[in-house]
Amino acid sequence: MKAIFPEEIELAYTNVPANAENEWANATTYNAGDRVKVTDQEPHRVYKSLRNNNTNKYPPENIEPQVIET
C-alpha cells in the first residue's frame, strides 16, 4: 500500500462576506459564542469567544482560553 501525504493548501477564494462579523474592539464585552474579525493582520481572521464577560483580550495575543480562531 502506497502512503499518500496531503499537501499544504491555502484558501484562494471564498463567497463568505468579509463584513459578516464586527471588528474586534477592546472596550466591547463579548459573550460565549460571539464572533469578531481582526483585520489588522494578513489574512484577516475570525475569532469566537469561549466565555462570557470577555473584555479587552486581543484575540491574536490571547494566551488564556478565552477565544478560539474559527
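Among 49-57, 6-14, how do they line up by average Cβ neighbours within 10 Å per residue, starting with the highest?
49-57, 6-14
At 7 Å along Cα-to-Cβ for each site, give me the label-to-label distance between E42 and F5 in nm.
Each label point is offset 7 Å from its Cα along the Cβ direction, giving 3.0 nm.
Using a cut-off of 21 Å between alpha-carbon atoms, which lysines can reach K37, once sequence neighbours fewer than 8 places away in the same chain are excluded?
K48, K57
Which number do you get for Rg(Cα) / (2.2 N^0.38 Å) in the stretch 1-61?
It is 1.53.
Gain in length, A32 to N56, computed as 0.36 nm per residue apart minus the alpha-carbon separation, to one decimal in nm?
This chain segment gains 7.2 nm when fully extended.
Around E23, with a cut-off of 14 angstrom between Cβ atoms, what is the net charge of the other residues, counting Lys and Arg +1 and Asp and Glu -1?
With Lys, Arg at +1 and Asp, Glu at -1, the net is 0.
Every number in this text was worked out from the coordinates using simple rules, so none of it is lab data. Because the structure is a prediction, the values reported are computed rather than measured. Every residue, glycine among them, receives a Cβ derived from its backbone with ideal geometry; neighbour counts consider all protein chains shown.
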